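Novice: Below you'll find the structure I mean.
The values are calculated or read from the model by the stated rules, or taken from the named source; none is laboratory data. Predicted model, so just to flag it, every value in this text is computed and none were measured. Neighbour counts run over all protein chains shown; Cβ positions are idealised from the backbone, glycine included. Heavy atoms of the whole protein, side chains included, go into the accessibility calculation; ligands, DNA and RNA do not. Shrake-Rupley method; radii C 1.70, N 1.55, O 1.52, S 1.80 Å.
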Amino acid sequence: MPVLPIHNAIAVPESTVYFRPEYYRAMSGREPMKDAKVVLIVTREAIAKNEITPESFYPVGVTGVVTETSLQGFVSIELKSRVNIEEVEIQPDRTLNLKVSRRAEIDDLDPEDEERRLTAVKEAVLAFSEGKPWAPALRVFAALWTTMGDVAAGLSPWMPGKNEERYALLAEDSRARRFDAMEKMIYEYLELMKVGNEVRTAQEEDHQKIYREAAIKKQLEYLQNELDELHPENSSDLQKLEQKLAEAPLNELARKECDKVLSRLKQEGKNSAEYGLLYDYLDFMASLPWHKEEAKEIDLDEAERILDADHFGLEKVKRRIIQQIAVMNLKKLQSGSILLFVGAPGTGKTSIGQSIARSLGRKYVRVSLGGVRDEADIRGHRRTYIGAMPGRILDGIQKCGVSNPVMVLDEVDKLSMSYNGDPASALLEVLDPEQNANFTDHYLNVPFDLSDVLFICTANSLDTIPQPLLDRMEVISFRGYTPTEKQEIARLHLLPKAMDAVGIGEGELELSPDALQAVIDDYTREAGVRGLKKCMDVLCRSAAVHLVRGGEKPLRVTAENLRELLDMQPLPHRHVKDAAKPGVVTGLAWTPVGGDVLYIETMLTRGSGRTVVTGRLGDVMKESAQIAVSLVKHLFPESAELFEKSDLHIHVPDGATPKDGPSAGVTLTSSLASLVTDIPVPPAIAMTGEVSLQGEVKAIGGLPEKLMAAQRAGVKKVFIPAENVDDLRDVAAEVKETLEIIPVREIEELLAHLGIHRTEPTLIAS
Ligand code: ADP
């Protein structure tokens, strides 16, 4: 029986192995013949034929039958059963003669299990071969595999593993354990190959990754489309965005930019940091109102009716608006002069903006500029900036959804400069009709046409508005309301609105005129009506509780129960003092929240001619104080010695704005004159005006507010610069009626009115 020594090969029962005919011939010394019976034995070492000894072999071999001799140049042997090698005899031609006995197998393999696992292994091998150049050959080969031994033997030339491990398969008596071991070996080999392949191809893959990703995305898109077609209701965000962009009336530049960004968006994965940014941008672009609105003809009477219905008084403002509408009608324009409403808080500046929008039949949007320090707040951030956002102007446009809203830019006086650029100059660009048709917000990166927007700005004070910005605007002053006007506003507007807001009907709440007057006089101190509005709201809430508790209808608010219903302390009275004292004179000041009265106090103390100025206006007042001292010395020469021997202390209380300093000139001079002459000036006499070294009384600003403050404080007589007489037109008739207003040209004229004449001074510090 031909004996074939093998080394490091898998040869187990129930498998087919292949030999080259030359090897068969050389080892067995015979010609391979079909059906010939053979024995395979395993050498311990890889040795040459002439080195073989009887000890060269492991003790277990396997018998086989030659089934083919021509198969593609191979001899195929079907292995049958294991044998114990009893004796090895080496022939002179170095072929082997064996004495063997059959070795029993433990048949513990469940055939069903065997079948299932074999199929799985074959599939795994075939799957692994997928895409490899040798796959077709393997498939031919694999078609012949009927046992696990076939697979293991088939793969054996490629599988790593030691001779002992392979022999151990043959030496194993249990069929099940052998099966397990071979299965494990094969799977391990496949894994190893995969990892090996991965390492080898990692670099290639890096390159391929990009293409692969693109391909996957294409596939995804295709699949998504299919899905979307099945479920049109949940089409993806991106598609919706694309749709939205396609429908948006973008201009050419904007379309180009959007297309660019869209293609970048598609390249980005959904989880990338950039994705959200690009998405938000496109969404913003698509929702901007690119479409131009037609200019409408406005009915002036109707517009007037709306303005009157919303706001009491404010004739000057309303007249100006009507003029603007008329011009817009004639010129078929949607915008015109930029109006700047200046006045104390609560005087209706913002709310009339809303009513202008209503009268024009246009949308209203309010953009607050208070505290804006960064240019990017107006002009937007560049998109490269993390957290980039559009500026407030375009944000407002997007929110209101039309290209021609009435845009109220609130608090332009609160813009400030910072190291981040000058927001005022950016605003200048927004407001400039020459430039704003092409306003470019950095975030958008393409121009947006703002020329149809009707801009209205509001401010409390003109002082802090940069001049170039101020030059662009037409200033309209809101001077504040008189007590009578406040009564009307509360009765006609604030109270009905407040009642409506809490659901109180007519006939359920009654506010007596006395009570209303008391609210205005004792619970609010303001030029506008914000505090008054709050009080009306509080009254209505108290009334709501009363009514819900089943209280009597209507709830009558009187001067008596007012305090309880408002649940507030009345404000301390700010009435002018009763007692007059030499050296103390009532002045009038302008502040951003309206006018106010203040007392200028002067005092001479023993000293050496120094002047001390205290109070908030300290520095500004110093110059005025020098002028006043010189004037008084000039007018009252006898006092010069007094000033030399004394220190002069001037105190100006808080309240006024620094810019208002000079307008206290007449008050300061009067107070000094009163001091040196020891003639008191009654506190119910107030005054305002600048004074020159020549003693001329010069014009001041904010006259209406100052006179109103005087009236509120119970002043009876006011001296004003003759140069300001024209401004009295803006002063409410009611104020003019209650005050005795005396225009003066010279300080001496004023002093004469006060009864301060040149007399012998009373020496305080002699
Ligand atoms: P501002 O912008 O000047 O600070 P607002 O416009 O916010 O003031 O006005 C405050 C409140 O007072 C608003 O509710 C407004 O409707 C009301 N108001 C102000 N002036 C008038 C007025 N003349 N007639 C009716 N309501 C007014």
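Novice: Scan the helices (runs of 4 or more DSSP H) fully inside the stretch 300-362 and keep the ones with 2 or more residues being in contact with a strand residue (DSSP E or B) (Cβ under 9 Å, 6 or more places away or on another chain).
Specialist: Result: 315-331, 349-360.
Novice: Quick one: in the stretch 352-382, which of the residues that are open to solvent by less than 20 Å² (accessible area, probe 1.4 Å) and more than 16 Å from residue 407 (Cα to Cα) is nearest to the ligand (Cβ to nearest atom)? Quick ask: steps written out before the conclusion?
Specialist: So in the stretch 352-382, the residues open to solvent by less than 20 Å² (accessible area, probe 1.4 Å) come out as 352-353, 355-357, 359-360, 365, 367, 369, 372, 376, 378, 380.
With more than 16 Å from residue 407 (Cα to Cα) added as a condition, the list becomes 372, 376, 380.
Values: 372: 17, 376: 26, 380: 26 Å.
Going through the qualifying residues, I end up with 372.
Novice: Collect the residues in the stretch 683-712 that are open to solvent by 10 Å² or more (accessible area, probe 1.4 Å), in contact with a helix residue (DSSP H, G or I) (Cβ under 9 Å, 6 or more places away or on another chain) and closer than 14 Å to residue 587 by Cβ, keeping them in residue-number order.
Specialist: 685, 690, 691, 700, 702
Novice: I need a count of the residues in the stretch 299-334 that are of a type in the set (S, T, N, Q) and either within 13 Å of the ligand (Cβ to nearest atom) or open to solvent by 50 Å² or more (accessible area, probe 1.4 Å) (or both).
Specialist: Count: 1.
Novice: For residue 348, are the conditions met, namely being open to solvent by 10 Å² or more (accessible area, probe 1.4 Å), modelled with pLDDT of 85 or more, over 19 Å from the mean Cα position of the chain (by Cα) and within 16 Å of the ligand (Cβ to nearest atom)? Full working, then the answer.
Specialist: Numbers: open to solvent by 10 Å² or more (accessible area, probe 1.4 Å): yes; modelled with pLDDT of 85 or more: yes; over 19 Å from the mean Cα position of the chain (by Cα): yes; within 16 Å of the ligand (Cβ to nearest atom): yes.
It is true that residue 348 is open to solvent by 10 Å² or more (accessible area, probe 1.4 Å), modelled with pLDDT of 85 or more, over 19 Å from the mean Cα position of the chain (by Cα) and within 16 Å of the ligand (Cβ to nearest atom).
Novice: Turning to a different aspect of this structure: What number goes with the only condition from (1) open to solvent by 60 Å² or more (accessible area, probe 1.4 Å); (2) within 16 Å of the ligand (Cβ to nearest atom); (3) free of Cβ contacts under 8 Å to residues at least 60 places away in the same chain; (4) aliphatic (A, V, I, L, M) that residue 568 does not pass?
Specialist: That leaves (2) as the condition not met.
Novice: Give all pairs with beta carbons closer than 8 Å in which a residue from the stretch 134-148 that is touching a residue at least 12 places away in the same chain (Cβ under 8 Å) meets a residue that is open to solvent by 70 Å² or more (accessible area, probe 1.4 Å); count only pairs at least 6 apart in sequence or on separate chains.
Specialist: If the second residue must be open to solvent by 70 Å² or more (accessible area, probe 1.4 Å), the pairs left are 147/14.
Novice: Let me ask another. Could you name every one of the helices (runs of 4 or more DSSP H) located completely within the stretch 487-574 that has at least 2 residues being within 25 Å of residue 352 (Cβ to Cβ) and within 37 Å of the chain's Cα centre (by Cα)?
Specialist: In the stretch 487-574, the matching helices (runs of 4 or more DSSP H) lie at 495-502, 530-548.
Novice: Give the number of residues within the stretch 130-171 that are outside any helix (DSSP H, G or I) and open to solvent by 70 Å² or more (accessible area, probe 1.4 Å).
Specialist: Step one: of the stretch 130-171, the residues outside any helix (DSSP H, G or I) are 130-134, 143-147, 156-162.
With the extra rule that they be open to solvent by 70 Å² or more (accessible area, probe 1.4 Å), the set shrinks to 130-131, 133-134, 143-144, 146, 157-158, 160, 162.
Total meeting the criteria: 11.
Residue-wise test of (1) within 16 Å of the ligand (Cβ to nearest atom); (2) of a type in the set (Asp, Glu); (3) farther than 24 Å from residue 706 by Cβ; (4) surrounded by fewer than 17 Cβ atoms within 10 Å (Cβ to Cβ).
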residue: 500; (1), (2), (3), (4): yes, yes, yes, yes
residue: 509; (1), (2), (3), (4): no, no, yes, no
residue: 534; (1), (2), (3), (4): yes, no, yes, no
residue: 542; (1), (2), (3), (4): no, no, yes, no
residue: 545; (1), (2), (3), (4): no, no, yes, yes
residue: 559; (1), (2), (3), (4): no, no, yes, yes
residue: 562; (1), (2), (3), (4): no, no, yes, no
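Novice: I've got another one for you. What single numbered condition from (1) open to solvent by 40 Å² or more (accessible area, probe 1.4 Å); (2) modelled with pLDDT under 90; (3) farther than 21 Å from residue 469 by Cα fails to hold for residue 337?
Specialist: Looking at each condition in turn, residue 337 falls short on (3).
Novice: Only one residue in 415, 409, 431 is surrounded by fewer than 24 Cβ atoms within 10 Å (Cβ to Cβ) and under 30 Å from residue 591 (Cα atoms), so which one is that?
Specialist: 431
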